[in-house]
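To start, the structure itself, in structure tokens.
The values are calculated or read from the model by the stated rules, or taken from the named source; none is laboratory data. The structure presented is a predicted model; accordingly, all values stated were derived computationally and were not measured. Ideal geometry is used to build each Cβ from the backbone, glycine not excepted, and the neighbour counts take in all protein chains shown.
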Amino acid sequence: MTAPTWPQIVARLRDTLAGCDRDTDLELSAGSRGLRLLVRRDVVRALCPGYDEARLAALGWQRSTGGTVWWYETARTPEQLDRLSAFVTRTAAEVLTGDPGALSCRPVPPTPGPTAAETPGPATAETPGPTAAPTPTPGPTAGPDADRPPAVAPAPRAAPDDAEGEPEVAARLAEAAERRDLPAYLGLLAGATVCVPLAGEPTPDGDFPWTVVGDPTGAPLLPVFTSPRALAAFAGGGVPFVALPCAELFADWPDASWGLAVDPGSTRAVALSAPALAGLLTANAAAG
């Protein structure tokens, strides 16, 4: 599977942030460098160590009072999540790594961020958020920064509705599974962004060390999760994962001998053997 591009990182990060159905702490990292995203019901706060303070200041980060951590906070609305995802991805490209394939995103145990006394509060008219990064641009330009993440994210998209605290896609998948409508189930899944756990960091060549589980017979299954929260509930905090459109995963399935496990360990878990998965994907493709 090819390594993601910066615009794909922006889109995947935005979908991950929108898909968090509980308070979730995420770490976006490359090697020894990383930043954290504290996702809450109404706000998202980003925290970044002062790797390059001049660059962080230019990007629009705020330094915590009396500390070395830089921060940015925004409302958790569709428009602001679009901007935040572009802003955080731009920061990752500037201070974490120049290689988008080296980035990983994983849920981590909650840790206290800067207290109210350490920070001047959320971005306001007096303390604006990102200024340099979100300058609108007409599109890709030539030069060394042509592949950098865009300064402004795409037009806002609607945030997923919740059904009993779960992302909308999880509720719709559960309905299809209850009807035993597997073609519709896979069609819905193909249109969603999923979190796939990794056994370690991606290689410099962009290869992903997938985590594989076994069914009761020992046959291998690739687990995917409909939200970071579902992944953490199954595997615990701190497990690295990649968030990507499931359609891309289906189009470049890592191993033809692997089946699929969706949200394993939950009451809505669905497992398909490799032959069943291949047959359903072929049938769905033929049906258009």
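Structure above, values below:
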quantity	calculated
Top-ranked residue of the stretch 166-204 - restricted to ones that are free of Cβ contacts under 8 Å to residues at least 12 places away in the same chain and assigned to a loop (DSSP other than H, G, I, E, B), ranked as nearest to G279 (Cα to Cα)	D181
Hey, D263 acidic (D, E), more than 20 Å from L28 (Cα to Cα) and in contact (Cβ under 8 Å) with a residue 60 or more places away in the chain or not	yes
Among (1) within 22 Å of the chain's Cα centre (by Cα); (2) of a type in the set (A, V, I, L, M); (3) loosely packed, with under 13 Cβ neighbours inside 10 Å - the single one A243 does not satisfy	(3)
Odd one out for E79 among (1) closer than 27 Å to F225 by Cα; (2) assigned to a loop (DSSP other than H, G, I, E, B); (3) not polar (S, T, N, Q)	(2)
Residue that is surrounded by the fewest Cβ atoms within 10 Å (Cβ to Cβ) [pool: residues in the stretch 24-46 that are out of contact with any strand residue (DSSP E or B) (no Cβ under 7 Å at 6 or more places or on another chain), closer than 19 Å to V95 by Cβ and in contact (Cβ under 8 Å) with a residue 12 or more places away in the chain]	G31
Single residue of A285, A233, A256 found to be without any contact (Cβ under 8 Å) to a residue 40 or more places away in the chain, under 24 Å from R14 (Cα atoms) and out of contact with any Asp or Glu (no Cβ under 7 Å at 6 or more places or on another chain)	A233
D21 vs. criteria of a type in the set (D, E), touching a residue at least 12 places away in the same chain (Cβ under 8 Å) and in a loop (DSSP other than H, G, I, E, B)	yes
Residues satisfying the stated conditions in the stretch 8-35, i.e. within 16 Å of T97 (Cβ to Cβ) and within 17 Å of the chain's Cα centre (by Cα)	Q8, I9, V10, R12, L13, E27, L28, S29, A30, G34, L35
Positions within the stretch 46-101 being at pLDDT 90 or above and β-branched (V, I, T), in sequence order	V88, T89, T91, V95, T97
Residue selected from the stretch 56-113 under the condition free of Cβ contacts under 8 Å to residues at least 40 places away in the same chain and polar (S, T, N, Q), by the criterion farthest from P197 (Cα to Cα)	T68
Residues (farther than 15 Å from S227 by Cβ and either in contact with a His (Cβ under 6 Å, 6 or more places away or on another chain) or surrounded by fewer than 16 Cβ atoms within 10 Å (Cβ to Cβ) (or both)) located in the stretch 254-270	P254, D255, A256, S257
